[in-house]
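The values are calculated or read from the model by the stated rules, or taken from the named source; none is laboratory data. Please read all numbers here as calculations on a predicted model, not as lab measurements. Methodologically, a virtual Cβ is constructed for each residue, glycine included, from the backbone with ideal geometry; neighbour enumeration extends over all protein chains shown. For accessibility, only protein heavy atoms count, side chains too; no ligands or nucleic acids. Shrake-Rupley method; radii C 1.70, N 1.55, O 1.52, S 1.80 Å.
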Amino acid sequence: RSVTKIGDHAFSGCTGLTSINIPEGVETIGTEAFNGCTSLTNIIIPEGVKEIEQHAFDNCTSLTSIHIPASLTADVMHNFIGGCPNLSQITVAEDNPVYDSREGCNAIIKKERNLLVMGCKSTVIPESVTDIEWHAFRNCAGLTSIHIPKSVTTIKFGNNRFEGCRDLS
């Protein structure tokens, strides 16, 4: 029998974890599964993963890159990356039917709504984006500046749009 879910808090606080090979067959990564894995540097989510739950990769302070597969189609409105000041590369598989990272923007954009749902310190918001989710840059301590293009008409309501962006000037 294969593993289909990495459980809530499964590796939370594993500060010595530098890499992870998520096995084939995993469909869900649970809430805070890798929260606080401060030595984890990059994550390649394999094909087959359909859902990543809240705060799964929060406070992974050494994390520099993450790749989202085509199979990840569940709602990622619940921010699964936060407090990762070194995150500078976010890519989405080109054949993902729900999300993209168009124009090399280093963000996750919900195609249907042109909604930027998650960004990082090197995000460049494309002119095609019209909305920004309220937590898109939550705890993005490495973010120093961001240009919001005129195409953006809405930044979703919420108290922590740029909460924890301590280097944002």
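General observations
- Here the contact order of the chain, divided by its residue count and restricted to Cα pairs under 8 Å and six or more residues apart, works out to 14 percent.
- Probe 1.4 Å, accessible area per residue of the chain, Å²: 47
- Local net charge near Gly7, Cβ-Cβ under 11 Å (Lys/Arg +1, Asp/Glu -1): -2
- For Lys150, the lysines whose Cα falls under 27 Å of its own Cα, not counting residues fewer than eight places away in the same chain, are Lys110, Lys111, Lys121.
- Max mean-square fluctuation residue, GNM over the chain, Cα-Cα springs under 10 Å, options Asn35, Asn96, Asn106: Asn96
- Note on Thr15/Ser151: beta-carbon distance plugged into 1/(1 + (r/R0)^6) with R0 of 41 Å gives a FRET efficiency of 0.50.
- Taking the protein heavy atoms of the chain in the context of the full set of protein chains, the accessible area attributed to carbon and sulfur is 47 percent at 1.4 Å.
- Cross-link reach is defined here as a Cα-Cα straight distance under 17 Å, omitting same-chain residues fewer than 8 places apart; for Lys50 the aspartates and glutamates meeting it are Asp8, Glu24, Glu27, Glu32, Asp75, Glu94, Asp95, Asp100.
- Each peptide in 144-155, 40-51 gets a packing score, the mean of other Cβ atoms within 10 Å over its residues, and the list from highest to lowest is 40-51, 144-155.
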